[in-house]
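The values are calculated or read from the model by the stated rules, or taken from the named source; none is laboratory data. All figures in this text were calculated on a predicted structure; none of them were measured in a lab. Heads up, the Cβs are rebuilt from the backbone with ideal geometry, glycines too, and the neighbour counts pull from every protein chain shown.
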């Protein structure tokens with residue numbers, strides 16, 4: 001089953017006396033374990049696509065299918081549950097809580113889902129080890145580097161075992177070496193957890209680490225093509 005399927009998705013906003021089209025009849029299908037990079041100039045609609053895929057914004061028309069469920073037909077309560085259980089979101093800025101340790105950042109997300117603290121702690125330990133932070137579980141954000149904070153961000157997004165992972169410019173604030181390690185970690189996560197992953201990025205040099213690349217311009221999305229063929233399309 002396709003994990004994420006956007007079908008003829010259009011998103012429009014009022015703009016003066018007319019309408020501004022942020023997404024124009026977008027089609028995108030991402031399979032479990034597939035890593036798709038999304039490139040394009042600023043203002044092309046990439047962030048709008050992620051917001052719609054994350055069910056944070058309802059499209060003007062079209063279908064958003066997540067793990068076989070039409071998200072556009074759900075109530076707000078049902079959407080919250082779907083997002084909580086099926087969607088992992090990695091924002092450009094980690095937005096970690098300053099008073100919590102790396103482990104606590106993860107544990108609190110599961111606790112808010114009603115999971116037991118014991119199970120959440122075990123899952124947090126497992127994920128921090130996966131992202132290379134086993135020795136930093138007790139550190140707070142100010143004690144971590146930018147790359148380490150982003151790794152906590154990734155681990156936190158995986159706590160619910162999501163079916164899709166949506167990643168917004170994960171390397172924007174990092175140097176080249178840390179950027180490379182973060183994208184390679186996302187590649188590992190995609191493979192190990194069989195999670196459909198969409199990454200918005202301006203760093204086209206990392207596109208070859210993904211399976212496919214799609215480009216956006218003026219709200220129009222090109223169909224994903226093999227990553228090596230897509231390098232340099234923008």
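List the pairs whose first member sits in region 90-101 and is without any contact (Cβ under 8 Å) to a residue 40 or more places away in the chain, whose second member is surrounded by fewer than 20 Cβ atoms within 10 Å (Cβ to Cβ) and in a loop (DSSP other than H, G, I, E, B), and whose Cβ atoms are under 6 Å apart, counting only residues at least 6 apart or on separate chains?
101/138; 101/140
Looking at the structure I just gave you, is residue 104 within 20 Å of residue 164 (Cβ to Cβ), more than 19 Å from the chain's Cα centre (by Cα), without any contact (Cβ under 8 Å) to a residue 24 or more places away in the chain and part of a helix (DSSP H, G or I)?
Spelling it out, it is not the case that residue 104 is within 20 Å of residue 164 (Cβ to Cβ), more than 19 Å from the chain's Cα centre (by Cα), without any contact (Cβ under 8 Å) to a residue 24 or more places away in the chain and part of a helix (DSSP H, G or I).
Return the residue satisfying two criteria in turn: it lies in region 18-55 and is part of a loop (DSSP other than H, G, I, E, B) and out of contact with any helix residue (DSSP H, G or I) (no Cβ under 8 Å at 6 or more places or on another chain), and of such residues it is farthest from residue 220 (Cα to Cα).
Filtering first and then ranking leaves 32.
Of the conditions (1) within 15 Å of the chain's Cα centre (by Cα); (2) free of Cβ contacts under 8 Å to residues at least 60 places away in the same chain, residue 112 clears all except one; give me its number.
Against the list (1) within 15 Å of the chain's Cα centre (by Cα); (2) free of Cβ contacts under 8 Å to residues at least 60 places away in the same chain, residue 112 comes up short only on (1).
Do we find a residue being over 23 Å from residue 82 (Cα atoms) and in contact with a helix residue (DSSP H, G or I) (Cβ under 8 Å, 6 or more places away or on another chain) anywhere in region 105-118? It would help to see each step written out before you state the result.
Initial filter on region 105-118 (over 23 Å from residue 82 (Cα atoms)): 118.
Now drop any that are not in contact with a helix residue (DSSP H, G or I) (Cβ under 8 Å, 6 or more places away or on another chain), which leaves none.
No, there is no match, as no residue in region 105-118 is over 23 Å from residue 82 (Cα atoms) and in contact with a helix residue (DSSP H, G or I) (Cβ under 8 Å, 6 or more places away or on another chain).
Every residue in region 56-78 that is crowded, with 21+ Cβ neighbours inside 10 Å and part of a helix (DSSP H, G or I), please.
The one that is crowded, with 21+ Cβ neighbours inside 10 Å and part of a helix (DSSP H, G or I): 71.
Can you give me the ranges of the strands (runs of 3 or more DSSP E) entirely in region 139-234 with at least 1 residues that are out of contact with any strand residue (DSSP E or B) (no Cβ under 6 Å at 6 or more places or on another chain)?
Once the strands (runs of 3 or more DSSP E) in region 139-234 are filtered for at least 1 residues that are out of contact with any strand residue (DSSP E or B) (no Cβ under 6 Å at 6 or more places or on another chain), what remains is 212-217.
Select, from 231, 213, the only residue that is surrounded by fewer than 22 Cβ atoms within 10 Å (Cβ to Cβ) and either modelled with pLDDT under 90 or touching a helix residue (DSSP H, G or I) at 6+ places or on another chain (Cβ under 7 Å) (or both). Break it down into steps so the answer makes sense when it comes.
Working: 213 fails: surrounded by fewer than 22 Cβ atoms within 10 Å (Cβ to Cβ).
Just a single option satisfies the conditions, and that option is 231.
Quick check on my filter: what residues within region 164-183 are more than 27 Å from residue 83 (Cβ to Cβ) and in contact (Cβ under 8 Å) with a residue 24 or more places away in the chain?
178, 179, 180, 181
For residues in region 1-17 being within 20 Å of residue 83 (Cβ to Cβ) and in a loop (DSSP other than H, G, I, E, B), which is nearest to the chain's Cα centre (by Cα)?
For region 1-17, the residue satisfying everything is 3.
So which residues in region 119-138 are in a loop (DSSP other than H, G, I, E, B) and surrounded by fewer than 16 Cβ atoms within 10 Å (Cβ to Cβ)?
Of region 119-138, the ones in a loop (DSSP other than H, G, I, E, B) are 131-133, 137-138.
132, 138 - these are the residues of region 119-138 that are in a loop (DSSP other than H, G, I, E, B) and surrounded by fewer than 16 Cβ atoms within 10 Å (Cβ to Cβ).
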